[in-house]
Amino acid sequence: MTRSFLTGKKLRVLLHLVVWSVLFILPAYMLYGNSARDRSFMIEVWFQLACFAVLFYTSYNLLAPRFFFTGKKVMYFITAALMIIIFTLFLGLLHDHFVPDFRRVNMERQLPSKTEWETGRQGLLRPPPNDKLPPPVRNWPLFNFLLSSFMVTGLSLGLRFSEKLQLNEKLRKEAEKEKLHTELALLKHQINPHFLFNTLNSIYSLALIQSDKTAEAVMMLSDMMRYVIQDVEHETVPLELELEYVVHYVELQKMRLAGNIDIRVNIEGDPGPYMIPPMILVPFVENAFKYGTSSHENAVISIDLKIAGGLLTFNVSNHVFAGREKAETFGIGIQNTRQRLNLMYPGRHKLVLSNTGTIFMVNLEISLA
């Protein structure tokens, strides 16, 4: 509960309240119990702080959004300058009519020379009358206020500009995330019909030879389609479900293929604690059976998967037949999977596809932690 309170807008409001409270309380604390002249100085400081607060929040909440960020920068600077000039003139009136001792108190601190000072009954040093002060010295508080006002206004604009940049960056990241989800959804829709088509071809081949394993193949297809239809819509699924799909797919292919294909499958490690994007491993297995089998030549398909220390290592290799060394050895499934890996695991995966002329190999590493 505390964490949610001290975040975002509430935290900014709290920080602003703390800063301005300290600024207003500090003069009273430092000058508590001092002379009337110091109390008039405290009133003067409070008035300046009030002016700074009005300038800050007027620029922050009104002028910057309405003028500066809408392309009317000249209007922003003109309006801000007019406000500063008005406050400066009002401060001059305050000096002359409402807090007459202010300049004397300032000069008491700023002029160390005693040549024109008079000694009072209690030995206190008092500055000369106002009309004897040189003009630059008399107007110094106003110059100081003018300069401070421009600094406060600039600080307000800088803070607002920084927050706008952060907001724009947040919106950009949200747009990229939405684009990522859209692209992933499109890729999934491209992959699903592709696998369905190949699986139906496998069952069709079993039916043609009137295999006793046709019913078992239909049940495997049912489990596979449940995974494709229900689970593939999630961003991630348990790695165990993905591996079950791979095993079912391999078993289905074993039923269909002749005895001249040597299929080697090795799975090591516990997939239980890990999640993975659905249909991210299957395209490599499907590719091996699509391009690495022959009805009249011997072939070997090797599938090796290891999970250790949060690292998934997946290796698939298949034979490349004569006459196909330079042909394309992978289809749309692997192309889409490469894109999905780039989107889901930027900087956290390594995919190497190699073709030696006789063996096509896939080496994939994914950091699951």
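The values are calculated or read from the model by the stated rules, or taken from the named source; none is laboratory data. A quick note: this is a predicted structure, and the numbers were derived from the prediction, not measured. Glycine also receives a Cβ, built like all others from the backbone with ideal geometry; neighbour counts cover every protein chain displayed.
Points worth noting:
- Residue within the stretch 274-290 that is over 30 Å from the mean Cα position of the chain (by Cα), assigned to a loop (DSSP other than H, G, I, E, B) and touching a residue at least 12 places away in the same chain (Cβ under 8 Å) present: no
- Residues that are touching a residue at least 60 places away in the same chain (Cβ under 8 Å) and within 13 Å of residue 368 (Cβ to Cβ) within the stretch 342-355 comprise just one, 344.
- Residue within the stretch 33-49 that is of a type in the set (Phe, Trp, Tyr) and modelled with pLDDT under 75 present: yes
- Any hit, the stretch 262-271, residues being in the same structural domain as residue 359 (by TED's automatic domain parsing), within 17 Å of residue 201 (Cα to Cα), aliphatic (A, V, I, L, M) and within 37 Å of the chain's Cα centre (by Cα): no
- Residue 336 fulfils the conditions (1) farther than 24 Å from residue 272 by Cα; (2) modelled with pLDDT under 85; (3) surrounded by fewer than 18 Cβ atoms within 10 Å (Cβ to Cβ) except for a single criterion, (3).
- Contact map, the stretch 191-219: first residue outside the structural domain of residue 245 (by TED's automatic domain parsing) and over 14 Å from residue 251 (Cβ atoms), second residue charged (D, E, K, R) and modelled with pLDDT under 75, Cβ cut-off under 7 Å, separation 6 or more or different chains; pairs are 205/256.
- Total residues in the stretch 273-301 satisfying the condition of being modelled with pLDDT of 85 or more and exposed (fewer than 12 other Cβ atoms within 10 Å of the Cβ): the figure is 1.
- The residue pairs whose first member lies in the stretch 291-317 and is outside any strand (DSSP E or B), whose second member is of a type in the set (Phe, Trp, Tyr), and whose beta carbons are closer than 6 Å, counting only pairs six or more residues apart or on different chains, are 294/321.
- Among residues of the stretch 238-253 that are in a helix (DSSP H, G or I), those with a beta-carbon under 6 Å from a residue that is surrounded by fewer than 17 Cβ atoms within 10 Å (Cβ to Cβ) and among the β-branched types (Val, Ile, Thr) at least six positions away or on a different chain give the pairs 250/265.
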